[in-house]
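The values are calculated or read from the model by the stated rules, or taken from the named source; none is laboratory data. Quantities reported herein were computed from a predicted structural model and do not represent experimental measurements. Using ideal geometry, Cβ is built from the backbone for each residue, glycine included, and neighbour counts are taken over all protein chains shown. Keep in mind that these areas ignore ligands, DNA and RNA; they rest on the heavy atoms of the full protein, side chains included. Shrake-Rupley method; radii C 1.70, N 1.55, O 1.52, S 1.80 Å.
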Amino acid sequence: MLLRVLFPLACVAEIATSVALFVPLLGLGSAVRRLPARPDHPAVRRTARAGVRFAWAAATLLAVKLLAAGGMLLAGPSFAQRPLVDLLVLAVPVTLTALRTLPTLRRLAGRNEPVPAWSALARTRFALPARLLAVAGGATAVLGLAVPNRGVFAGTLTVFAAVAAIVAIDTEQRDRRMSGRPAGMRWPRAAGRLAAPVLLLVTAAGCGVTGVIGSRIPVAMNMGMHEPHGHAATASAAPPRSVTTLTGGPLDGPVHHVDLTAEEHPARLTGGATVDAWTFGGGLPGDPIRVRQGDVVEVTMANHLPATSTTIHWHGIDVPNAEDGVAGVTQDAVRPGGSFTYRFRAHQAGTFWYHSHEISHEQVSRGLFGLLVVDPAGGATADMDDAVLVHRWHTDRGEKLAFGADDGVRLRQVRPGNRVRLRVVNADNDTHQVEVTGATWRLAALDGQDLNAPGPLGDEVVPLGGGGRADVELTMPDRPVRLSLAGESGPAYVLSPDGRSTVDAAAPGPELDLMTYGRPAPTPFGLGGRFDRDETVDLDQGWWFHGGSFGFVWTMNGQVFPDVPMLTAREGDLVRVTFRHHGRFDHPMHLHGHRVLLLARDGEPARGSPLWLDTVLVRSGETVTVGFRADNPGIWMDHCHDLTHSAAGMTMHLAYEGVSTPFSVGTASGNLPE
Ligand SMILES: [Cu+2]
């Protein structure tokens, strides 16, 4: 718990010191460099004093960095990689500066100290350590800001090593000039001043141009032919199966047909704010779909949007791959005027949702999503069963958090004694904390999967990452009950016997520990079992090139989409994936087509009800291990469901061996899944 607070702070401190440290180090280095050129003794003293002050500032920041490194180390050795690399780069120049430069500099800064000969101020032995330290500070600033991958690391160190060599030559030449020794090599004075800045500028410009060009959205890219993650591509003798053939076979039985129309539709929240919305069916959110377990669901989506293609992805339903609705992977995005019919059997009962998977960060944000509830084959058991879709709308009055279109309090009359099931769908990018005031309640299900023996809850709050669902179950008391989001004053759902009374949200209690909630039950595999594949996915962040520009990106194993190596599996494999979150902000990781079993968090095995999830919340500094059976062949997205993160790099794929796709992602097809 302490780590949850400590790690993000340490992370911020680490990044901040990487950048901030460069300022005093550069100040110190340039003070030392300027000393021999000072006109008189008072000027030397002033410059030396400035240098000493810079040294103190640097020492303070270095101490903060050490503390930050210690804090990050608590999460595990791999989490402290960045600060440890920084400290490694800085160690030698810091030591040499402390031993050779600073004692002299402090003497020079002293009021009554005799000033030594001018030539002594240019001695390599005295000046070089501080000047090299400034160069090292530049390298760590770049490494602190950029994405963490080997190429960036090696490139940065190479360039700054060259700068260090230039600085070393310049320092030695100045020493020789001042002391009257032969120069040894031709080294124009201007070279000393200009060589390093020119080298850095040329490198930056070169990186900028190649980075922008190299990261442009490709014309066409096939997601079926990609470098696998951690495994050599296996040459398969059998001809590849196309995703279009992975339809799950013929479907018979009762068909539940739904027509959905994607359309542009200005819509109003209950508070009066207007949303320039795109919707499935005109409402905020789109038309709800409610079917019974075992039904064949057939949805024909007609795209009436004026100028944008779209698709529908069935979030949490393990549909056959051909029905997954990912543009450029399982289908072409449906162009304006076109239509597409999805068919799948609703095997799982529970709370799900559907949303666009074409330019999803924009399309979902504007409203292209809706509720999908699958009632158990025996029928719903609650007397009152309703759902709220949490979403942050961009309105003419700014951002509004709402339950569907309700940005205020929704009231509903419920008879005391009635069994109530409230389904909370997080259709937002941020994590929200579900809170219930006024009744004892249970967390009946997560991500559409009923929990085993969930215990009674009071003021506990349930963290729900973007894309996740939480089902609240309670027996209606004879007083009002409020469902709300902790820390959010916006939307609330109040049930009361008279349909009018309300209750204020109580002060939120502790976060429910999902790792221990409910009772264990047998699972087909466990943490200690044998897995056919064991993968680690490092989640991080930084500045880098993506989509033809330079900006802040979210990385998986140091890379951004489409350069993230994909996970591969053979049908039937048991796969274990460990996510390690090195950066800040929550990452709700969503694997399409499979439910994953939460095995461990921060090394602690799950001890409560089995948690079968489709969206796994991974928070700053956490290590989360999940397992799944590769039993649904296809090419599946595996991405962060903060859709701003997935759009800025945090997207990868799980590809089954021997599966190919005729579709491609890129500007030619207009298939842009994120
Ligand atoms: Cu994320």
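Give the residues of the range 144-154 that are in contact (Cβ under 8 Å) with a residue 40 or more places away in the chain, surrounded by fewer than 21 Cβ atoms within 10 Å (Cβ to Cβ) and not β-branched (Val, Ile, Thr), sorted by residue number. Spell out how you get there, then give the answer.
Narrowing the range 144-154 to residues in contact (Cβ under 8 Å) with a residue 40 or more places away in the chain: 144-150, 152-153.
Next, only the ones that are surrounded by fewer than 21 Cβ atoms within 10 Å (Cβ to Cβ) stay: 145-146, 149-150, 152-153.
Hits for the range 144-154 are LEU145, ALA146, ASN149, ARG150, PHE153.
How many of the residues making up the range 167-186 are surrounded by fewer than 19 Cβ atoms within 10 Å (Cβ to Cβ) and within 49 Å of the chain's Cα centre (by Cα)? Walk me through how you get there before you give the answer.
Kept after step one, since they are surrounded by fewer than 19 Cβ atoms within 10 Å (Cβ to Cβ), are these residues of the range 167-186: 168-169, 176-186.
Those still in the list that are within 49 Å of the chain's Cα centre (by Cα) too: 168-169.
Qualifying residue count, the range 167-186: 2.
Can you tell me which residues in the range 1-54 are within 24 Å of PRO129 (Cα to Cα), among the aliphatic types (A, V, I, L, M) and outside any helix (DSSP H, G or I)?
Scanning the range 1-54 gives a single hit, LEU21.
Condition first: more than 23 Å from ARG193 (Cα to Cα) and among the basic types (Lys, Arg). Can you find one or more residues in the range 64-75 that meet it? Write out each step before concluding.
Taking the range 64-75 as the starting set, the residues that turn out to be more than 23 Å from ARG193 (Cα to Cα) are 64-75.
Filter once more, so that each one left must be among the basic types (Lys, Arg): 65.
The answer is yes; a qualifying residue exists.
Anything in the range 591-622 that is away from the ligand (no atom under 16 Å from the Cβ) and assigned to a strand (DSSP E or B)? List them, or say none.
Matches in the range 591-622: VAL596, LEU597, LEU598, LEU599, ALA600, ARG601, GLU604, PRO605, TRP612.
Would you mind stating whether GLY649 is in contact (Cβ under 8 Å) with a residue 12 or more places away in the chain and buried (at least 24 other Cβ atoms within 10 Å of the Cβ)? Don't jump to the end; show me each part of the working.
Values: in contact (Cβ under 8 Å) with a residue 12 or more places away in the chain: yes; buried (at least 24 other Cβ atoms within 10 Å of the Cβ): yes.
When the stated conditions are applied, GLY649 passes them.
Would a scan of the range 521-533 turn up a residue that is part of a strand (DSSP E or B), closer than 25 Å to HIS645 by Cβ, open to solvent by 40 Å² or more (accessible area, probe 1.4 Å) and touching a residue at least 24 places away in the same chain (Cβ under 8 Å)?
Start the filter on the range 521-533 by keeping residues that are part of a strand (DSSP E or B), which leaves 533.
Restricting the remaining residues to those that are closer than 25 Å to HIS645 by Cβ gives 533.
After this cut, where a residue has to be open to solvent by 40 Å² or more (accessible area, probe 1.4 Å) as well, the list is none.
No: zero hits.
Looking only at the range 325-338, decide whether some residue is at pLDDT 95 or above, closer than 18 Å to GLY294 by Cα and of a type in the set (Gly, Ala, Ser).
No, that holds for no residue.
How many residues are assigned to a strand (DSSP E or B), more than 14 Å from the ligand (Cβ to nearest atom) and closer than 30 Å to VAL5 by Cβ if we restrict to the range 547-590?
5
So for the range 279-290 (the condition being modelled with pLDDT under 95, assigned to a loop (DSSP other than H, G, I, E, B) and over 23 Å from GLY468 (Cβ atoms)), does at least one residue qualify?
yes
Across the range 259-278, what is the number of residues that are surrounded by fewer than 20 Cβ atoms within 10 Å (Cβ to Cβ), in a strand (DSSP E or B) and of a type in the set (Val, Ile, Thr)?
2
When you go through MET637, MET652 one by one, which is the residue that is in a strand (DSSP E or B) and within 22 Å of GLY367 (Cα to Cα)? Steps first, please.
Working: MET652 fails: within 22 Å of GLY367 (Cα to Cα).
The match here is MET637.
Those residues that are among the small types (Gly, Ala, Ser) and either under 29 Å from GLN363 (Cα atoms) or within 14 Å of the ligand (Cβ to nearest atom) (or both), I need them from the range 623-634; list them, please.
Result: GLY634, single match.
Return the residues of the range 303-323 that are in contact with a helix residue (DSSP H, G or I) (Cβ under 8 Å, 6 or more places away or on another chain), buried (at least 24 other Cβ atoms within 10 Å of the Cβ) and not in a strand (DSSP E or B); say none if nothing qualifies.
Residue satisfying the conditions is ASN321 alone.
With respect to LEU143, determine if the residue is over 16 Å from VAL159 (Cβ atoms) and among the aliphatic types (A, V, I, L, M).
Numbers: over 16 Å from VAL159 (Cβ atoms): no; among the aliphatic types (A, V, I, L, M): yes.
Answer is no for this residue.
Scan the range 412-433 for residues that are closer than 22 Å to VAL275 by Cβ and outside any loop (DSSP other than H, G, I, E, B) and jot them down.
Keep residues of the range 412-433 that are closer than 22 Å to VAL275 by Cβ, which gives 424-430, 432.
Within the range 412-433, VAL424, VAL425, ASN426, HIS432 qualify.
What do you reckon, is GLY490 more than 24 Å from ASP383 (Cβ to Cβ) and open to solvent by less than 20 Å² (accessible area, probe 1.4 Å)? Lay out the reasoning, then the answer.
On the way: more than 24 Å from ASP383 (Cβ to Cβ): yes; open to solvent by less than 20 Å² (accessible area, probe 1.4 Å): no.
The answer is no for GLY490.
Are any of the residues in the range 168-189 free of Cβ contacts under 8 Å to residues at least 40 places away in the same chain and within 30 Å of TRP543 (Cβ to Cβ)?
Checking the range 168-189: at least one residue is free of Cβ contacts under 8 Å to residues at least 40 places away in the same chain and within 30 Å of TRP543 (Cβ to Cβ).
State all residues of the range 411-440 that are open to solvent by 50 Å² or more (accessible area, probe 1.4 Å) and aliphatic (A, V, I, L, M); if no residue qualifies, say none.
Listed by number, the list holds a single entry, LEU411.
Please go through the range 399-410 and pick out each residue that is among the small types (Gly, Ala, Ser), in a loop (DSSP other than H, G, I, E, B) and surrounded by 17 or more Cβ atoms within 10 Å (Cβ to Cβ). So that I can check it myself, show each step before the final result.
Residues of the range 399-410 that are among the small types (Gly, Ala, Ser), as a first pass: 402, 404-405, 408.
Checking the rest, the ones that are also in a loop (DSSP other than H, G, I, E, B) come to 404-405, 408.
Within the range 399-410, GLY404, ALA405 meet the criteria.
Against the conditions (1) under 30 Å from ARG181 (Cβ atoms); (2) at pLDDT 95 or above; (3) surrounded by fewer than 21 Cβ atoms within 10 Å (Cβ to Cβ), where does THR158 fall short? Just the number, please.
(1)
So which of LEU67, LEU84, LEU90, LEU61 ends up being part of a helix (DSSP H, G or I), within 16 Å of LEU28 (Cβ to Cβ) and open to solvent by 40 Å² or more (accessible area, probe 1.4 Å)? If you could, list the steps in order and put the result at the bottom.
Values: LEU67 fails: within 16 Å of LEU28 (Cβ to Cβ); LEU84 fails: within 16 Å of LEU28 (Cβ to Cβ); LEU90 fails: open to solvent by 40 Å² or more (accessible area, probe 1.4 Å).
Just a single option satisfies the conditions, and that option is LEU61.
Quick check on the range 621-629. Is at least one of its residues farther than 17 Å from SER356 by Cα, open to solvent by 10 Å² or more (accessible area, probe 1.4 Å) and over 24 Å from the mean Cα position of the chain (by Cα)? Show your work before the answer.
Taking the range 621-629 first, the residues farther than 17 Å from SER356 by Cα are 621-629.
Narrowing the set further to residues that are open to solvent by 10 Å² or more (accessible area, probe 1.4 Å) leaves 623, 625, 629.
Pick out the ones that are also over 24 Å from the mean Cα position of the chain (by Cα) and you get 629.
Looking through the range 621-629, at least one residue is farther than 17 Å from SER356 by Cα, open to solvent by 10 Å² or more (accessible area, probe 1.4 Å) and over 24 Å from the mean Cα position of the chain (by Cα).
Go through the residues of the range 592-609 one by one and say whether even a single one is without any contact (Cβ under 8 Å) to a residue 60 or more places away in the chain and buried (at least 23 other Cβ atoms within 10 Å of the Cβ). I'd like the intermediate steps shown before the answer.
Residues of the range 592-609 that are without any contact (Cβ under 8 Å) to a residue 60 or more places away in the chain, as a first pass: 596, 603.
Now restrict to residues that are buried (at least 23 other Cβ atoms within 10 Å of the Cβ): 596.
Yes, the range 592-609 has at least one match.
Does the range 636-644 include one or more residues that are away from the ligand (no atom under 16 Å from the Cβ) and either at pLDDT below 95 or aromatic (Phe, Trp, Tyr) (or both)? Before you say what the answer is, go through the steps one by one.
Just the residues of the range 636-644 that are away from the ligand (no atom under 16 Å from the Cβ), to begin with: 636.
Checking the rest, the ones that are also either at pLDDT below 95 or aromatic (Phe, Trp, Tyr) (or both) come to 636.
The answer is yes, given that some residue of the range 636-644 is away from the ligand (no atom under 16 Å from the Cβ) and either at pLDDT below 95 or aromatic (Phe, Trp, Tyr) (or both).
Filtering the range 119-143 down to residues that are of a type in the set (A, V, I, L, M) and open to solvent by 30 Å² or more (accessible area, probe 1.4 Å), which residue is nearest to THR171 (Cα to Cα)? Break it down into steps so the answer makes sense when it comes.
Step one: filter the range 119-143 for residues of a type in the set (A, V, I, L, M), giving 120-122, 127-128, 130, 132-136, 139, 141-143.
In the following step, the residues that additionally are open to solvent by 30 Å² or more (accessible area, probe 1.4 Å) were identified as 128, 132, 142.
Working: LEU128: 6, LEU132: 10, VAL142: 24 Å.
Ranking the candidates gives LEU128 first.
Would you mention how many residues in the range 503-520 are β-branched (Val, Ile, Thr) and loosely packed, with under 15 Cβ neighbours inside 10 Å? Please lay out each step first, then the result.
Step one: of the range 503-520, the residues β-branched (Val, Ile, Thr) are 503, 516.
From the residues that got through so far, the ones that are loosely packed, with under 15 Cβ neighbours inside 10 Å too are 516.
Of the residues in the range 503-520, 1 are β-branched (Val, Ile, Thr) and loosely packed, with under 15 Cβ neighbours inside 10 Å.
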